[in-house]
Structure formats: C-alpha cells, structure tokens
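Written below as structure tokens is the structure these notes are about.
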C-alpha cells in the first residue's frame with residue numbers, strides 16, 4: 001500500500017495528514033518484525049507481509065488514535081501481524097495455491113513452514129504490542145485472536161449444514177472478521193486514551209458489513225472481479241447469508257461441482273436474497289457511521305466506512 | 001498431574017509447601033482457559049489440556065516465584081498454554097496419531113480443528129498473561145513463542161543434512177526447548193520481583209539438558225521406555241547430537257526404514273557418542289545448579305534439575 005492509495009488520499013483530505021507517514025512507519029515495523037528470525041522465516045514471513053493487502057486494520061488503528069508516536073505504530077503493526085498469521089494458517093488449511101495473486105507460503109514451502117510462519121507472526125504480534133506496556137492492549141488483541149480461531153471452528157462446525165440460522169451466521173462473521181477490526185479500533189482508542197466502546201463498536205460494525213458484502217460478492221460475482229468462480233463458499237460448504245435468506249430447498253451437501261455452485265448462485269440471485277443481504281450490510285455501515293462519537297477524525301472514519309462499501313459496489 | 005507426584009512431593013519437602021495447592025489452581029485456570037469458546041473448541045482444547053503431561057513449566061514458574069496469588073497462577077497457566085499450543089501444532093505437522101497415549105486432536109478432529117485449537121491456546125496464553133498487567137511478562141512469553149516457531153523451522157531446514165554442526169544443533173535445542181523453560185523461570189522471577197537473568201539462565205540450561213537427554217534416549221532406547229522405535233528422529237531426518245558426535249560416514253537421507261534406523265543407532269552407540277552426549281547434558285545440569293542464586297527455593301530448583309536427569313536414567 002503506497003501513500004497515493006485513493007482511500008488514504010481521502011483520509012489525508014479529511015484531516016489525517018499524518019497518516020501516510022505513519023503507514024510507512026508501520027510497513028517498516030512489519031518488515032523488522034517479520035525479519036531477523038532466521039533466513040527461512042525471514043523469507044516466508046517477509047513475503048507474507050510484503051504481499052501487502054489493504055492494510056485496513058492498521059489504517060483504523062492510526063485514524064482512531066489520531067496521533068503519532070511509536071505506540072500507535074506498534075499497535076497498528078501488531079494487529080496486521082495477527083491478520084497475516086491468520087491468513088497463512090487459513091491457506092494451510094485450504095491448501096490454497098495463491099493469495100493476492102502470489103503463491104502462498106504453504107504452496108511454496110509446505111505445511112510445516114507455513115504453520116511455523118503463522119505461529120511466528122502471532123507471537124511477533126504480541127511481542128510488538130507488549131512493548132507498549134499496556135495490558136489492556138494485549139488483552140484486546142488476544143481476545144480478537146481467540147475469536148478468529150473460534151470463528152474458523154464455527155465455520156467448520158456448520159460446514160454443509162442446511163439449518164444455519166441468521167443469528168449463528170452473524171456470530172460467525174463477528175468472530176471471523178469483526179473481532180479484529182474491533183480490536184484495531186480498541187487499540188487506537190487505548191493508545192490515545194479515548195473512550196473505547198464507541199470506537200470498538202464502529203470497528204465491529206464495519207467488520208460485520210465487510211464480511212456480509214464479501215459473502216454477497218461470492219454469490220453475485222462476476223468471476224473477473226473476485227478472481228474465482230461464483231459460489232466458492234458454497235463449494236466449501238460455507239453457508240452464508242444469501243443462501244440462508246434465499247430459503248431454497250437445496251441441501252448444501254449436493255453442491256459438489258463448480259457448475260452446480262453457479263446454478264445455485266443463480267437461484268439465490270433470483271430470490272432477491274442478494275439485495276436483502278446487501279441492504280443489511282449497508283444498514284450496518286450506516287449505523288456504524290451515525291453512532292460514531294464526535295471526534296476530529298470522525299470524517300476520516302466515515303470515509304473508511306464508505307470505502308468498505310465501495311470496494312464491493 | 002496430582003499432588004502426590006513424586007517430583008512435587010520432593011519440592012514440598014524442600015520447602016515448597018504451597019506448590020501442590022498452586023498447581024491445583026493452575027489446573028483449574030487451564031480448564032477455564034481451554035473452555036468457554038464454543039463446544040468444539042472446549043472439547044479439543046480441553047482434552048489437550050486434560051491429557052496432562054509433566055507440568056514442568058508451571059512447576060518452574062511456581063517454584064521460582066516462591067509465593068502465592070493470582071499472578072503466579074496466571075503466569076504458570078500461560079506458559080503451559082503455549083506449550084500445549086505448540087504440541088497441537090506439532091502433531092498437525094507430523095500427522096501424529098497419539099500423544100501421551102491418547103489420540104491427538106489432529107487424529108480425532110482433522111487439521112483445521114487442530115490448527116485452530118493451537119491458535120486458540122496461543123491466544124489464550126497471552127490473554128491470561130496480559131491480566132497480570134506487566135509488559136515484561138508478555139514480552140518474555142512472546143520471545144519464547146517466537147523461538148519455538150523458529151526452532152521448528154531450523155529443524156526443518158536442517159532435515160536430512162549431513163553437515164549440521166554441534167553449535168547449530170545447540171541453537172536449535174535452545175529455540176525448540178530451552179526458550180520456553182527459560183521463559184517459565186523469567187515469568188516466575190518477574191512476578192516475584194526477583195532478578196531475572198540468573199533464574200532465566202537456570203531455565204535455559206535445564207531446557208537444553210532436557211532436549212539433549214531426550215535426543216540420547218531416541219538413539220539408546222529401549223522402545224518399551226519411549227513407546228517408539230529407536231531412531232525415530234533419524235527417520236524424520238532430525239540430526240541430533242549423538243549422530244553428529246558419532247561422525248559416521250552415513251548420509252541421513254539413506255536412513256529410510258525402521259531397520260536401517262535401528263542399525264545406525266547401534267553404530268552410533270558403538271562410538272561412545274551416547275555417553276559423550278549424556279555427559280554434556282549432565283555438565284549443563286551441574287552448571288545450572290551451581291550457578292543458582294542463593295534463594296530459599298534453591299533446594300527445590302535443584303530437585304527439579306535432578307528430576308530432569310532422573311527421568312532419563
């Protein structure tokens with residue numbers, strides 16, 4: 001992510017003049033955290049970090065904190081390290097060949113190296129954050145990190161299950177995705193000594209909307225956009241909101257070919273479930289914005305929220 | 001581990017009257033940490049914890065701290081949670097069917113659940129320790145946890161390599177094993193406000209000796225004792241001190257059957273490399289004991305050191 005990223009440029013316009021320099025400092029910090037643990041780890045942890053991504057979580061930490069200094073940079077790096085660790089482990093479990101268009105650690109180096117790389121990134125995250133000397137920050141990150149593991153499990157537990165409730169689906173999204181964005185906002189608030197809960201709620205809502213929109217995209221396609229066929233979640237047995245709301249008489253276990261998945265996607269789309277899912281996500285984003293406390297960085301946070309929606313429009 | 005464990009009984013005799021009650025409190029804390037994250041996780045994390053083990057790391061924390069209270073119990077639980085997390089991930093990588101005579105998480109529940117269980121145990125460890133509100137403690141644990149990941153990688157990097165040096169082998173042992181025992185002693189010292197380094201050095205040395213003796217046992221057998229064939233490390237490509245010191249003209253890549261491994265074990269034994277390895281371990285234990293600072297719990301720590309040796313005699 002460079003300083004000319006449009007999302008960041010808008011944050012700068014909204015008063016976040018310090019953000020590009022801080023993001024650069026986060027990148028430097030991530031490179032140090034991923035390096036220096038032996039040549040092999042440096043290669044794989046380093047390539048994971050260097051592969052980039054949106055850096056949405058660090059961006060939230062920086063904007064919520066609204067200030068400069070080592071503590072905010074460390075917190076932003078820590079949350080991204082947990083995110084990277086999770087991605088590496090997810091790729092191990094999925095035996096995924098590519099992530100962000102690059103070969104995954106598991107594909108290039110095997111399961112052992114990838115698992116160890118993920119473990120290392122996890123522990124570097126806590127080492128990084130511990131430097132801030134605030135147990136509340138460590139607690140926030142470890143709570144999110146437990147939630148991520150629990151979310152993965154819940155997804156597994158519900159795989160190919162026909163009767164997943166909306167409530168249970170939302171719980172899974174909170175664990176899998178919202179918890180870490182919530183933690184990013186918590187960390188920003190804690191570093192800056194702001195009231196935590198209203199900002200944590202913003203992160204949680206944005207995260208939930210993010211996951212809902214991602215799940216809509218998996219059904220709506222098009223493949224050129226997502227880089228994969230429609231219905232990959234369904235093929236994996238991951239029952240998402242569009243499928244639940246569509247109430248088709250389809251047993252998820254029967255979705256066993258890409259063609260069948262595409263067909264079920266078409267049937268879901270025909271019910272209006274995509275629009276309903278999307279409307280739910282937009283409502284959550286609206287709530288996230290309207291419930292924001294009146295801070296100087298309110299406008300910048302609203303722009304981040306809009307960015308999440310735009311990404312999927 | 002029950003209060004009648006002979007190692008604990010001796011510690012009690014040496015003045016550690018509070019240790020059995022504290023160990024029981026650690027067990028309760030571990031059960032809580034492993035539970036309460038959804039039914040599936042509770043089952044697997046819980047069974048991992050319940051499967052027990054020697055609880056050597058918590059014991060070190062308790063003895064080094066030498067006092068009571070929530071902080072010492074939390075620190076002891078945290079270090080055992082990291083240990084358990086590592087075991088679960090190691091079993092995933094080895095696709096191990098059994099650990100301590102019980103089916104592993106990966107064998108009963110698959111790789112995904114086992115990886116998530118390990119991640120959860122990791123994050124619960126840091127959550128637990130963060131409650132103590134001391135960044136130095138979190139730093140010590142995350143340093144050890146990074147070392148464990150790096151040790152796994154180093155072992156992989158050196159797999160089937162003929163030219164592993166003694167120094168490189170010792171580095172691997174420090175990372176894989178000694179770092180966490182060192183962290184246990186560090187945590188105990190930090191909780192009690194004692195000088196850290198002399199006690200950390202004790203843990204490091206005991207850990208190193210522990211790994212050396214374990215590696216000797218893999219070559220010396222007998223199988224009835226270890227529950228596995230001699231030379232399982234060699235079969236995995238793990239080059240250990242006895243093999244290095246034996247200087248056989250054997251390429252590790254040629255050790256590809258249990259029979260061949262047993263044969264190489266015999267040849268190693270014939271060189272005296274087992275005695276030399278064992279002597280090195282005992283010298284390290286001696287150093288660990290003699291360099292101990294003069295504390296009331298010195299005797300109890302010496303008994304733990306002796307216990308590590310006895311376990312392998």
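Along the Cα→Cβ direction, 7 angstrom out, place labels at residue A:54 and residue B:276. What is the inter-label distance in nm?
With each label point 7 Å from Cα toward Cβ, the separation is 5.9 nm.
How far, in nm, would the chain grow between residue A:171 and residue A:248 when pulled straight, counting 0.36 nm per residue and subtracting the alpha carbon separation?
Contour length minus the Cα-Cα distance gives 25.5 nm.
Give the relative contact order (percent, whole number) for segment A:1-133; include only Cα pairs under 8 Å separated by 6+ residues.
This gives 25 percent for segment A:1-133.
Distances from residue A:161 to the same position in the other copies: list them in nm, one decimal, shortest first, using label points 7 Å from Cα along Cα→Cβ.
Label-point distances to the other copies, shortest first: 4.6 nm.
Divide by every residue of the protein assembly as shown the summed helix terms, -39500 (n - 2.57) for each DSSP H run of at least 4, and state the resulting mean residue ellipticity at 222 nm, rounded to the nearest 500 deg cm²/dmol.
Result for the protein assembly as shown, helices only: -23500 deg cm²/dmol.
Cut-off is 10 Å between beta-carbons; in what order do A:220, B:165, B:47 appear when sorted fewest neighbours first?
Fewest to most other Cβ atoms nearby, the residues stand as B:165, B:47, A:220.
Which FRET efficiency value, to the nearest 0.05, is calculated for residue B:24 and residue A:70 with the Förster distance at 51 angstrom and r the Cβ-Cβ distance?
That pair, residue B:24 with residue A:70, gives E of 0.75.
Over the alpha carbons of segment A:91-243, what is the largest minus smallest coordinate on each principal axis, giving the biggest first in Å?
45, 38, 29
How big is segment A:216-295 by the Kirkwood estimate over distinct Cα pairs, in Å?
Hydrodynamic radius (Kirkwood, Cα only) of segment A:216-295 equals 13.5 Å.
Cα centroids of segment A:47-73 and segment A:79-133: how far apart, whole angstrom?
The distance from the Cα centre of segment A:47-73 to that of segment A:79-133 comes to 17 Å.
Sort B:129, B:208 so that the residue with the fewest other Cβ atoms within 10 Å of its own Cβ comes first and the one with the most comes last.
B:208, B:129
Sticking with the crude label model, points 7 Å out along Cα→Cβ, report the distance from residue B:195 to residue A:32 in nm, one decimal please.
My value for the distance between the label points is 3.0 nm.
Using all Cα-Cα distances in the protein assembly as shown, what percent lands in each 20 angstrom bin from 0 up to the longest?
P(r) for the protein assembly as shown, in whole percents per bin: 19, 50, 26, 5.
Can you give the average number of partner chain beta-carbon atoms within 10 Å of each beta-carbon in peptide A:92-99, as a whole number?
Rounded to a whole number, the mean comes out at 2.
State, to one decimal in nm and shortest first, how far the label point of residue A:32 sits from each corresponding label point in the other identical copies (label point: 7 angstrom along Cα-to-Cβ).
Its label point is 3.7 nm from the equivalent points in the other copies.
At q = 0.15, 0.16, 0.23 Å⁻¹, what log₁₀ I(q)/I(0) does a Debye calculation on the Cα points of segment A:156-222 give, no solvent, two decimals?
-0.56, -0.61, -0.94
Two-decimal Rg/Rh of segment B:160-297 from alpha-carbon positions, Kirkwood Rh?
We get a ratio of 1.06 for segment B:160-297.
Would you mind listing the distances between the residue B:10 label point and the same position in each other copy? Use 7 Å along Cα-to-C-beta, nm, one decimal, shortest first.
6.8
Report, in whole Å, the centroid distance computed from the Cα atoms of segment A:214-292 and segment A:134-183.
Centre-to-centre distance over Cα atoms comes out at 19 Å.
Along the three principal axes, how long is segment A:1-133 when you take its alpha carbons, biggest first, rounded to the nearest angstrom?
Here the Cα extents, ordered largest to smallest, are 45, 33, 22 Å.
Mind computing the radius of gyration and Dmax over the alpha-carbon atoms of chain A? Å is fine for both.
That works out to 19.2, 56 Å for Rg and Dmax.
What is the average number of partner chain Cβ atoms found within 10 Å of a Cβ in A:140-146?
Mean partner-chain Cβ count within 10 Å for A:140-146: 6.
How crowded by other chains is A:107-117, given as the mean number of beta carbons from other chains within 10 Å of each beta carbon?
Mean partner-chain Cβ count within 10 Å for A:107-117: 5.
Would you order B:122, A:202 from fewest to most other beta-carbon atoms within 10 Å of each residue's own beta-carbon?
Lowest count first: A:202, B:122.
Just so you know, all these numbers are worked out from the coordinates, no wet-lab data involved. Just so it is clear, the structure is predicted and the values come from calculations on it, not from any experiment. Every residue, glycine as well, gets a Cβ built from its backbone with ideal geometry; the counts of neighbours run over all protein chains shown.
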